[in-house]
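> There's a structure below that I have some questions on.
The values are calculated or read from the model by the stated rules, or taken from the named source; none is laboratory data. As the structure is a prediction and not an experimental result, all values here were calculated from the model. Ideal geometry is used to build each Cβ from the backbone, glycine not excepted, and the neighbour counts take in all protein chains shown.
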Amino acid sequence: MKNGEVNIRYRILDEQELNEADHELVEAAKAATHTSFSPYSHFSVGAALRLANGETLQGSNQENAAYTTGICAERCTIFYANAHYPDSPVTAMAIAARQADGAFTPTPVSPCGACRQVLSEAEHRFGQAFRVLLYGGGKVYEFASAADLLPFQFTADSL
Ligand code: THU
């Protein structure tokens, strides 16, 4: 028998330490929380991504009375980007969320498993990794690649 181990590297930054472009992207994710339609969970998630063509796009979680038909902010934003700019790779994505009291989460928000899978596909699709910035409590966790959030991922090679 052998033991395996997975190490995930990420940077923990104070919001103030972000460079101008990343600061703008995090602010865009925060702003996008205000377009969330979340009357059921009262959890407003916003995402913003930058494309290689320079566009910045925003999205948010969209809920439905038939709960499972709603969609998370991350998938909303990635699918929107791919539908409008199918040839432009994502270069960075930021995510933020506000709780029922309207305050941002006290710790950086963690994308759900399904969103991690979709973010990873967006990397494979263009053969290019992109950075992921998770905001909360004035801090940002920065991952070099969406793949870092999804070890042992299922890919086209798994089929
Ligand atoms: N949600 C997201 O938008 N992104 C995530 O990564 C986690 C969860 C949404 C889904 C649902 O509308 C609400 O947050 C509560 O789960």
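> Could you grab me the full set of residues in the range 61-81 that are of a type outside the set (D, E, K, R), buried (at least 19 other Cβ atoms within 10 Å of the Cβ) and within 18 Å of Phe126 (Cα to Cα)?
Within the range 61-81, Thr77, Ile78, Ala81 qualify.
> Okay, moving on. Any idea which residue in the range 96-117 is farthest from the ligand (Cβ to nearest atom), counting only those that are closer than 17 Å to Ala32 by Cβ and outside any loop (DSSP other than H, G, I, E, B)?
Phe104
> Under the condition of being modelled with pLDDT of 95 or more and assigned to a helix (DSSP H, G or I), which residue from the range 131-159 is surrounded by the most Cβ atoms within 10 Å (Cβ to Cβ)?
Top of the filtered list is Ala146.
> Then there is this: Would you pick out the residues in the range 83-120 that are surrounded by fewer than 17 Cβ atoms within 10 Å (Cβ to Cβ) and of a type in the set (D, E, K, R)?
Asp87, Asp101
> Something else about it: Residue by residue through the range 28-56, note down the ones that are surrounded by fewer than 22 Cβ atoms within 10 Å (Cβ to Cβ) and in contact with a strand residue (DSSP E or B) (Cβ under 7 Å, 6 or more places away or on another chain).
Filtering the range 28-56 for residues surrounded by fewer than 22 Cβ atoms within 10 Å (Cβ to Cβ) gives 28, 30-31, 34-35, 37-43, 51-56.
Ala28, Lys30, Ala31, Thr35, Phe37, Ser38, Phe43, Leu51, Ala52, Thr56 - these are the residues of the range 28-56 that are surrounded by fewer than 22 Cβ atoms within 10 Å (Cβ to Cβ) and in contact with a strand residue (DSSP E or B) (Cβ under 7 Å, 6 or more places away or on another chain).
> Could you tell me which numbered condition Gln128 fails, if it satisfies all but one of (1) of a type in the set (S, T, N, Q); (2) over 17 Å from Thr77 (Cα atoms); (3) not in a loop (DSSP other than H, G, I, E, B)?
Unmet condition: (3).
> Where in the range 1-88 are there strands (runs of 3 or more DSSP E), lying fully within it, with 2 or more residues that are within 13 Å of the ligand (Cβ to nearest atom)? Break it down into steps so the answer makes sense when it comes.
Details: elements: 11-14, 44-51, 56-60.
Strands (runs of 3 or more DSSP E) meeting the threshold: 44-51, 56-60.
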